[in-house]
Amino acid sequence: MKGIVFNLNGSKKAIRIPDIKKRGLDIKRLFSRFGLQTMFALLFLLGLIVGAASSKSFDKDTFDKLDLLFVTNIDARLEMSVFDIFASCFVSYFLYILCAFLTGFSVWGFTAISVLAAVKGFTVGLSSAFIFSLYRLSGIGFYILVVLPGTVLFLFILVRYSSFAFRMSMRYMKLSALGLDREPELRIHIKKFLKKTLLAFLSSGVCAVIDMILWLLFAGKFEF
């Protein structure tokens with residue numbers, strides 16, 4: 001595909017539209033690079049909507065028991081030490097990366113990986129809707145200022161890492177169908193996947209640190 005030149009009003013100056021394909025922005029390449037990540041983002045959005053719509057079906061006691069996944073027991077977390085806050089936030093992130101890691105080494109793991117983003121969206125939608133309905137304006141301000149930054153950052157990490165785990169699982173499936181002749185190639189991908197996994201865990205730790213700092217700085221400013 002070549003660039004296109006337009007001449008406006010007979011002027012000698014021409015406007016050249018750049019060749020999109022030459023700049024690496026063709027549709028096939030974009031889909032190949034970002035297709036999986038877009039799919040996981042849409043699954044997260046779907047889970048978010050379903051979770052928000054389902055919040056009325058759960059009571060406060062249920063949320064308090066599942067505080068590891070749902071950030072709803074604010075009073076209990078305000079009484080935690082600095083390390084406990086960090087550990088609580090980190091574990092909630094760690095579990096999702098761990099699940100994606102384990103399913104990445106499974107022949108049929110790509111089916112489970114596709115659900116993780118939706119589950120994360122469901123928990124975010126559920127907990128945010130619960131906090132908004134229970135604490136009103138204070139809950140909205142608290143969630144936006146304290147919870148949302150780390151959650152959004154982790155979403156990018158989860159979506160990106162899920163695409164790596166999805167491809168890893170697909171390679172295992174292809175290997176089982178084609179035999180062991182591609183095993184050396186698989187070992188190379190495993191090493192790359194392990195590096196991506198280590199980076200994902202470290203990034204999750206960064207998210208937990210951000211959550212911890214925001215909790216310490218702003219959580220006590222709101223009245224619940």
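Quote to one decimal, in nm, the extra length available between Leu217 and Phe83 on full extension: 0.36 nm per residue of separation minus the C-alpha distance between them.
On the way: separation 134, 0.36 × 134 = 48.24 nm, distance 1.47 nm.
Additional length available on full extension: 46.8 nm.
With the calculation restricted to Cα positions, what are the radius of gyration and Dmax of the range 80-151 in angstrom?
When restricted to the Cα atoms of the range 80-151, Rg and Dmax are 15.1, 47 Å.
Just report the Cα centroid separation between the range 78-120 and the range 130-163, whole Å.
15 Å
Determine the principal axes of the Cα atoms in the range 112-224, then give the extent along each, sorted from largest to smallest and rounded to whole angstroms.
63, 24, 13
Read-outs: derived from the displayed coordinates by stated rules, not from any lab. A quick note: this is a predicted structure, and the numbers were derived from the prediction, not measured.
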